[in-house]
């Protein structure tokens with residue numbers, strides 16, 4: 001249940017995403033997890049927040065193509081230290097990724113989220129659907145959501161998605177709450 005996930009996450013302060021090519025952590029102290037339940041954004045199917053800007057650390061490899069401004073970038077991997085993307089690579093579209101990362105605020109994350117709509121079972125190249133694919137996480141470079149307490153400002157908000165169905169885990173304050181694309185609490 002999405003609301004149960006939001007309720008649990010709002011009581012936790014340290015989140016870790018782990019999986020193939022993913023070992024990234026962030027703090028959510030003073031931030032609010034929101035429930036995308038179809039009231040403001042259709043279709044429904046995600047829980048999301050804005051991580052504390054300087055708290056994001058680790059590496060994240062996005063398994064789905066990252067689409068922004070009509071450009072499709074594949075095989076994106078980001079290395080992050082103290083909230084700042086220090087290194088990046090893409091198997092295809094690296095020049096475009098580099099160009100966007102030069103934008104003010106684009107080398108910090110404005111969103112961290114978990115897709116929960118298991119009725120969306122394939123990639124469509126439409127971010128309003130794809131970011132909600134059940135069994136995925138996504139993180140957005142750039143602009144934060146003010147309603148979650150986020151403070152990063154940027155003209156960019158670029159969602160990037162990773163599948164968690166095959167061995168992916170989410171930990172909250174040291175407790176495993178998600179395994180293989182599903183909540184386990």
So which strands (runs of 3 or more DSSP E) are wholly in region 76-119 and hold at least 1 residues that are farther than 14 Å from residue 56 by Cβ and touching a residue at least 24 places away in the same chain (Cβ under 8 Å)?
77-81, 109-115
So, in region 150-183, of the ones that are part of a loop (DSSP other than H, G, I, E, B) and surrounded by 16 or more Cβ atoms within 10 Å (Cβ to Cβ), which residue ends up farthest from the chain's Cα centre (by Cα)?
154
With the requirement that a residue be assigned to a loop (DSSP other than H, G, I, E, B) and surrounded by fewer than 19 Cβ atoms within 10 Å (Cβ to Cβ), what does region 42-58 give you?
42, 43, 44
Is there any pair linking a residue in region 32-45 that is on the phi < 0 side of the Ramachandran plot and modelled with pLDDT of 90 or more to one that is assigned to a loop (DSSP other than H, G, I, E, B) and surrounded by fewer than 21 Cβ atoms within 10 Å (Cβ to Cβ), with Cβ under 7 Å and at least six apart or on different chains, and which?
32/10; 32/149; 33/10
Given the conditions (1) free of Cβ contacts under 8 Å to residues at least 40 places away in the same chain; (2) assigned to a helix (DSSP H, G or I), report the number of the one that residue 128 does not fulfil.
(1)
Of those in region 59-80 that are within 14 Å of residue 126 (Cα to Cα) and within 13 Å of the chain's Cα centre (by Cα), the residue surrounded by the fewest Cβ atoms within 10 Å (Cβ to Cβ) is 64
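The values are calculated or read from the model by the stated rules, or taken from the named source; none is laboratory data. Predicted model only: the values in this text are computed from it and were never measured. A quick note on method: Cβ atoms are made from the backbone with ideal geometry, for glycine too, and the neighbour counts reach across all protein chains shown.
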